[in-house]
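Here is the structure we will look at.
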Amino acid sequence: MTPRPLPVLAVTSEIFPLVKTGGLADVAGALPGALANEGVAVTTLVPGYPAVLAVLGKARPVLDITDLFGGPARLLRGKASGLDLLALDAPHLYARDGNPYLGPDGRDWPDNARRFAALSAMAAAIGRGAVKGYRPRLVHAHDWQAGLTAAYLYHGGPNPPPSVFTVHNLAFQGQFPASLLPILGLPASGFRFDGFEHHGAIGYLKAGLQLASHVTTVSPTYANEIRTEAGGMGFDGLLRYRGASLSGILNGIDIAIWNPETDPLIAAPFSADNLKGRAACRAAIQQRFGLAPDRKALLFGVVSRLSWQKDLDLLADALDDLLALGAQLVLLGAGEPALEQRFRQAADLHPGRIGVRVGYDEALAHQIQAGVDALIVPSRFEPCGLTQLCALRYGTVPVVSRVGGLADTVEDGITGVVFDALTADGLRGALRRTADLFATPRRFAALGRAGMGRDVSWHGPARQYADLYRALVVAH
Ligand code: ADP
């Protein structure tokens, strides 16, 4: 007899394919399916944004709340895209289209403190059995938006279920004024350095890091980096103190969605055994970006948020060298206006050699992964990184800085090119090395094939999460 699946409540502010701004959504969307194979039944609590209610609006209400931080709310339970969801339908908090965190002026919604405290408070309530007939054995919260879950669990009465808090990026910390404490229903007694206080403010990320039963982050190297002063962003002391209660579990990618043999978004299918379709994908990308249809030119690609973290300034500084190598570049990204502008100008200056699309485009991301020869990821820090995993899966050679999850997933000279000096010169050297490898097509193809042979699925990571959940439930 197979044992009954372990019921786990996940809490996240974004989930693929319903709402996505970055890697968190990918993880939240893919992990439940992978965990099902490990005997874990995940139900995910998400805010009832319009995109969520569009698919779940007719789902069964399982709880009514008369007042959740300023308005009525209810919980809807249903399925969408193979995910078991609990949607927190609270129009005063979530009935807003577009980016889940930012208003139309591009700034954080002024009530984000309430919006995500509400999500966390609800997660804790569900964890304690607020929904009839559903009692998770563990609550798994993701990132600062769900960080207060651990605080609400901790302060909500004796014997809360164990919790896991996963930090996908320590740079996003969610700090809000202490004056909100009574509104958020958090006790003043918890406002202390070993509680949810952080430098005089309510720290949402801090609450998760401090109060969750176990903290994970998304790669073993990042788990070590954030214990150091250089990488800890003010939390290194706390993270060192957490000792073995902090661990790194690599992300995977959904290999059904990212599958070059069946991907409907790319120009032609291909596989490690039959790479012929890749040429069509490459030609399609060159055409799409108005590049010269040159088969000999090394075609680099970038798919990224344009933010300080990703350090694409390094690439902008090295563009002349990239061109001097006879290479081409396509870039898909959005973020800092100055950087958008810089790459747009480069494309205007070098038509036929550099192509740039500013924006977010899921289909184009697939097409770039399938069509370019090498993907550049020069991040300053990278908790895990997903684009290099997609690149490996599509036989594209990742060119990455040796940080965080990039260091854990790309092997220099075997599946990709890894550089140490995080400077424009370091990147220049890596681009040159990539060009040298590319000059010997058999060697370069061997790198791509080796990458395609790596397991970038959720299989291994899901097993590690399942083992962790079970250990925590047993210890509870
Ligand atoms: P982060 O979460 O820091 O942005 P990751 O590499 O972990 O970086 O995840 C980024 C995810 O978002 C990947 O799935 C990547 O393909 C996707 N992505 C990033 N920028 C864009 C874009 N401009 N258009 C489409 N997809 C993008």
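The values are calculated or read from the model by the stated rules, or taken from the named source; none is laboratory data. Every value quoted in this text rests on a predicted model; they were computed, and no experiment measured them. When we count neighbours, we look across all protein chains shown, and the Cβ atoms used for this are built from the backbone with ideal geometry, even at glycine. Protein only, heavy atoms only, side chains kept; ligands, DNA and RNA dropped before computing areas. Shrake-Rupley method; radii C 1.70, N 1.55, O 1.52, S 1.80 Å.
As a rough guide to protection, the peptides 249-259, 118-128 ranked by mean Cβ packing within 10 Å, highest first, stand as 118-128, 249-259. Note that the range 464-474 has calculated 3J(HN,Hα) couplings of 5, 5, 4, 4, 5, 3, 5, 4, 6, 5, 5 Hz, one per residue in order, obtained from phi through the Karplus relation 6.51 cos²θ - 1.76 cosθ + 1.60 (θ = phi - 60°); glycine and proline are x.
Would you mind classifying the range 161-221 by shape? Square roots of the alpha carbon gyration tensor eigenvalues, ordered a ≥ b ≥ c; an a/c under 1.5 is rounded, otherwise it is prolate if a/b is larger than b/c and oblate if not.
In terms of gyration-tensor shape, prolate.
Dipole check for the range 242-321: with +1 at the C-beta of Lys and Arg, -1 at the C-beta of Asp and Glu, and the Cα centre as origin, the magnitude is about 200 Debye. Only beta bridges with both residues in the range 1-103 are counted; by DSSP, about 55 percent of them are antiparallel.
Only helical runs count toward this figure. For the chain, summing -39,500 (n - 2.57) over DSSP H runs of n ≥ 4 and dividing by all residues gives -10500 deg cm²/dmol at 222 nm.
On a full-extension model of 0.36 nm per residue, what is the gain between residue 296 and residue 81, subtracting their alpha-carbon distance, rounded to one decimal in nm? Can you show the working numbers first?
Values: separation 215, 0.36 × 215 = 77.40 nm, distance 4.14 nm.
Full-extension gain reported as 73.3 nm.
Treating only the Cα positions of the range 402-454 as identical point scatterers, give the base-10 log of I(q)/I(0) from the Debye formula at each q in 0.18 Å⁻¹. These q points yield log10 I(q)/I(0) values of -0.59. In this label model, residue 425 and residue 192 are separated by 5.1 nm, measuring between points 7 Å along each Cα→Cβ vector. Taking a straight Cα-Cα cut-off under 28 Å and skipping sequence neighbours fewer than 8 places away in the same chain, the lysines within cross-link reach of residue 276 are 296. Net charge near residue 62, counting Lys/Arg +1 and Asp/Glu -1 over other residues with Cβ under 14 Å of its Cβ? Summing Lys/Arg as +1 and Asp/Glu as -1 gives +4. A DSSP coil position with no more than 15 other Cβ atoms inside 10 Å describes the following trypsin sites (Lys or Arg not before Pro) in the range 253-308: 295, 296.
For residue 58, a cut-off of 24 angstrom between C-alpha atoms picks up these lysines, skipping any fewer than 8 places away in its own chain: 20, 79, 132. Among the protein heavy atoms of the chain, carbon and sulfur supply 54% of the accessible surface, probe 1.4 Å, non-protein parts ignored.
The Cα-based radius of gyration and maximum Cα-Cα distance (Dmax) for the chain are 22.7, 68 Å. Please report, to two decimal places, log10 I(q)/I(0) for the range 1-76 at q = 0.16, 0.17 Å⁻¹ as given by the Debye formula with identical point scatterers on the Cα atoms and no solvent. For the range 1-76, the Cα-only Debye profile gives -0.70, -0.77.
Hey, with R₀ at 45 Å, roughly what FRET efficiency would residue 272 and residue 54 work out to, going by the Cβ-Cβ distance, to 0.05? About 0.75, to the nearest 0.05.
Taking label positions 7 Å along the Cα-Cβ direction at both residue 467 and residue 256, the computed distance is 2.5 nm, reported to one decimal.
The residues of the chain have, on average, 41 Å² of accessible surface per residue, using a 1.4 Å probe with all protein chains present. Computed from the C-beta positions of residue 233 and residue 135, the FRET efficiency with R₀ = 35 Å rounds to 0.50. Ordered from longest to shortest, the equivalent ellipsoid semi-axes for the range 277-452 are 20, 19, 16 Å, each the square root of 5 times a Cα gyration tensor eigenvalue. Residue by residue, the range 58-66 carries 3J(HN,Hα) couplings of 9, 5, 6, x, 10, 7, 10, 10, 6 Hz when phi is fed to the Karplus relation 6.51 cos²θ - 1.76 cosθ + 1.60 (θ = phi - 60°); x denotes Gly or Pro.
Modelled label positions at residue 66 and residue 41, each set 7 Å beyond Cα in the direction of Cβ, lie 3.3 nm from each other.
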